[in-house]
1. Do we have any residue at all in the stretch 204-211 that's assigned to a loop (DSSP other than H, G, I, E, B), in contact with a helix residue (DSSP H, G or I) (Cβ under 9 Å, 6 or more places away or on another chain) and in the same structural domain as Glu76 (by TED's automatic domain parsing)?
2. Within the stretch 126-159, how many residues are in contact with a Cys (Cβ under 6 Å, 6 or more places away or on another chain) and not hydrophobic (A, V, I, L, M, F, W, C)?
3. Being within 20 Å of Ala83 (Cα to Cα), touching a residue at least 24 places away in the same chain (Cβ under 8 Å) and surrounded by fewer than 21 Cβ atoms within 10 Å (Cβ to Cβ) is the filter here; which residues of the stretch 172-208 pass it?
4. Under 8 Å by Cβ, and 6 or more places apart or on different chains, what pairs join a residue from the stretch 110-138 that is within 14 Å of Ser214 (Cβ to Cβ) with one that is of a type in the set (Phe, Trp, Tyr) and in a helix (DSSP H, G or I)?
5. Which condition does Gly144 not pass, out of (1) part of a loop (DSSP other than H, G, I, E, B); (2) modelled with pLDDT under 85, if it passes all the others?
Amino acid sequence: MKLILTSYLIVSCLAVGLSVAVSCDFSDLLRQLQAKKLNFRKYMRACMTTPPRSRYGFQPSCRAEADVTQAVAKFEKSGEFSAADGNSYPFHVKGVISFTQIDSQTTRIHAAVQGTHAFLFDSQYFSLHVHEKGETNPSCTSTGGHYNPCNKNHSNDPTVEDRHVGDVARVTIPSTFKSNKNILVFEKIDTQVKLNGPLSVLGRSVTVHGGSKSTRVGCGTIAVTEWEGANHPDAAALIAGYN
């Protein structure tokens, strides 16, 4: 009988995801059952239905994580892009983009990108997009297409609502940017990019497109971070030490 009760208790505790080694004191339970100080059926009902931290001292095996409020993507890449004039131009781009979830509806995106002067040979802007997948190789060919879970149309105007979630920004490059020492900083409040929920961008990538042919000139995976001063992180200060 003792063996049967012990086996039953083990199976029952495992069925509700409890740690047998830590959470179940079988010898004490058996003593109470044998002394008829514990009603077995009531005990098993409690074991199967009572939430974690029940009066029997069971602890949950996992805990729920709090909502993510801060994430960051970093990238750095060198290469050449093919321009509309048929020539190839070298580039070396690096950047930091931070995402701060302000509330359930809005996210602050703060970015600093260095090395955009190369694109002035071919265009006056570069684009930032969230792509479907994380970065797995420096060529940025593994990041997939724009993140577009709602099957919307692509828009070069990221201020419109009817767009890909991944259409984050098209940034104009000042003509004064003549060297890679210039750091271009911008910020926006976005209502479609989210760090939490079913449409979270965590684990996906930010991809930088440069030139008129939108060459993928840099990409980085969006990762959870603990950033001091998260309410308004200074991406420009961070990139200064990112050499």
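The values are calculated or read from the model by the stated rules, or taken from the named source; none is laboratory data. This one's a predicted model, so the numbers in the text were calculated from it and none came from an experiment. Every residue, glycine among them, receives a Cβ derived from its backbone with ideal geometry; neighbour counts consider all protein chains shown.
1. Among the residues of the stretch 204-211, at least one is assigned to a loop (DSSP other than H, G, I, E, B), in contact with a helix residue (DSSP H, G or I) (Cβ under 9 Å, 6 or more places away or on another chain) and in the same structural domain as Glu76 (by TED's automatic domain parsing), which makes the answer yes.
2. Total meeting the criteria: 2.
3. Thr172, Ile173, Ser175, Phe177, Lys178, Ser179, Asn180, listed by residue number.
4. Cβ pairs passing all conditions: Tyr125/Phe119; Phe126/Phe119.
5. Among (1) part of a loop (DSSP other than H, G, I, E, B); (2) modelled with pLDDT under 85, Gly144 violates only (2).
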